[in-house]
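Here the structure comes first, spelled out in structure tokens, and everything after it is commentary.
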Amino acid sequence: MCLNLQLTFGEVRWMAVTVSWIVTGLGIIVSLLGYYLTPSAWGYGILGFGLAHVLLGVLDMFRQPNRSRY
């Protein structure tokens, strides 16, 4: 059984943006959790982890997806 798994450039771009929004959204949720725990060292660590995911998710939105050579 052979499946045709080739995606168009638009489909790849749409999937990449969707994943970027998911990473950004989860980063915001984790950042809020860390913000409410900030008096402790764990809170600052969780806050930084969440902010890093927000930054990486936003930066990933501007990245061009790899194009297939085939």
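The values are calculated or read from the model by the stated rules, or taken from the named source; none is laboratory data. Every value quoted in this text rests on a predicted model; they were computed, and no experiment measured them. The area values use the complete protein model at the heavy-atom level, side chains included, leaving out ligands, DNA and RNA. Shrake-Rupley method; radii C 1.70, N 1.55, O 1.52, S 1.80 Å.
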Point to revise | J(HN,Hα) series, the stretch 55-60, from Karplus relation 6.51 cos²θ - 1.76 cosθ + 1.60, nearest Hz, glycine and proline x | key: 4, 5, x, 5, 5, 5
Review point. Can you pull the accessible area of residue 38 for me, 1.4 Å probe, Å² to the nearest 10?
Key: 30 Å²
Check your understanding: Which ³J(HN,Hα) values in Hz, rounded to whole numbers, follow from the phi angles of the stretch 35-46 under the Karplus curve 6.51 cos²θ - 1.76 cosθ + 1.60, where θ = phi - 60° and Gly and Pro get x?
Key -> 4, 6, 9, 4, x, 9, 5, 4, x, 5, x, 5
Point to revise | Accessible-area value, residue 21, 1.4 Å probe, nucleic acids and ligands omitted, Å² | key: 150 Å²
Study note, to complete from the structure: Computed over the stretch 23-65, the convex hull of the Cα set has an average projected area, in nm², of 2.6 nm²
